Structures are given as C-alpha cells and as structure tokens.
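Down below is the structure, laid out as structure tokens.
Read-outs throughout are calculated quantities, based only on the coordinates presented, and are distinct from any laboratory measurement. Please read these numbers as outputs of a predicted model, since none were measured by experiment. A quick note on method: Cβ atoms are made from the backbone with ideal geometry, for glycine too, and the neighbour counts reach across all protein chains shown.
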Amino acid sequence: MEMADVVSEMDVSYMIPRRYHRMLTAGLVLLVLLAVYCIMSHAATAAETAAAGHRDLLQKIEQVFRAHERWAGTFSQRAETMDGGPPMTARGTLAVSLPDKMRWEYEEPERQYLISDGTTLWFYDPGLNQVMVGEVAGLAETRLLVGLLRDLSRVAEDFSVTVTPAAASDKHHRVELVPVPTAAGGRPFERLTLEFDAGSLRLVESELFDAFGSRIVITYAWAATKPPSFPTGHFTFTPPSGTDVVPLGQ
C-alpha cells in the first residue's frame, strides 16, 4: 500500500487541537444520529430486532423524527478521552434540518460554532480567529454511514442493532448500534446507544464510544413548539474577513 493510501485511511481526529475535538466528536455524533434515523425502518427488519414489538417501536421512533424536517433545541455534552485529561463539558444550542444539515452553537465554556451543509464541515473559533474546514465524507467515522445511506439494504450486514424497551421502572427506550468490523478489522466507532423518552419517543440522550476509546455523552432538550424556521444560510459558513482558514487535519 502506498503511503498516500495509508494517510487517506487515517482518522484525522487525533491531529485536531483539543479545543476542537469537543466540537468534532459532537458533530460526528449528530451525523451518526441523522444516518441512524434514515435507516431506522430498515434496521427494524434486522435479525436482532425480529420481535414484532421491537419493529413497531423503531418505526414509531422514526415516524416521530420524520414528522418534522426541522428541529431545534439545547444540548449539554461531556467528553472523556483516552489521553488522561479532564473531561470536556459544554453546552449550547442545536439546529437540525433533514436529511443532513446541522448547526451547533457552543455557548460554554467558550463561544464556538460547528456547521455543516451535509457536505462540508466548518469549525469556527472566534477567539482564535480561525476556521477549520473539512469534507464530511473524508472523516473515517462517516465513511461507512455515507456508503450505507446509498444502499439501505446493507444495514443488517453493517450493524448489530439491539432494542431494549422501557421497563415499568424506566422512562427510556434504548437502541444500541454496533458496527460490524470491516474486512480489515476496523470500525468507524465502537458503539452508539440512543435513549428515547418512553412517552414522546424523542431522543433525550446519546452515548458514543469512538474508535479511539473516547466516550461522548450528549443530552438533548428539543423545543416543543412547531418546527422552527431557519434563516437563509443558517447551515453554511462564510469566514469573516481576516479569518485564518485551515484545512481539517493540518
């Protein structure tokens, strides 16, 4: 294998400064979630969810999400990495437009933005006067998902799906998604667990273990009003004059 091929298969997250890693992992979580909702009805036919009740639950969750093309709310995040550093916590607002547009606005611990139009990711840090730009399909964690969305019939081949309905003493349904190892033995992430409110069926928490041992937990509070209207250009980004533009991974 040529060195260029090796580099192209490398995950770029380890090259990203720590201040951006929080945003990157959150963005990847949401990209995974958007893909999961797109494949939810197909996942209901996988062997692991063969029970009729599990199929019905997955289909109802998908219907709730697809009932509106636009979602807005707030989030809080906790990221634990393998480097032994302290957990990274953050909170802010979140906007989603189906099928794959998103905008994260971090309010704490500092103002930062992660924006995607479904093709490009922008990480803007006003404090550094810098924006990092990368292609969604170039990130290792999303390659499998991009390919999967082109052929939804592969879901049972590429993922093990486990559904745990809420028990009498529990208020959350749980859906666990584990990628099947590739021929080379790798996975885009280790495990993703989604928790849905047993009443509204809205997503309330996600827990992602990435391929490098990081654990990212995000809790969500979605607006209860009618679908929001987003301004033109809400899911694109034009760097302010004088901003340093850096390719993702450099």
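Observations on the structure shown:
- Distance between the range 157-216 and the range 221-250 - C-alpha centres, whole angstrom: 27 Å
- Placing pseudo-labels 7 Å out from each Cα toward the beta carbon at Ala211 and His234 gives an inter-label distance of 3.3 nm.
- Label-to-label distance, Ala137 versus Arg111, with points set 7 angstrom from Cα along the beta-carbon direction: 3.5 nm.
- Over 21 Å (Cα to Cα) - which of Lys60/Lys101; Lys101/Lys171; Lys60/Lys226 fall in this group: Lys60/Lys101; Lys101/Lys171
- Per-residue extension of 0.36 nm, minus the Cα-Cα distance of Gln59 and Lys226, leaves a gain of 57.9 nm for this segment.
- At an R0 of 41 angstrom, the distance between the Cβ atoms of Ser241 and Leu98 translates into a FRET efficiency of 0.80.
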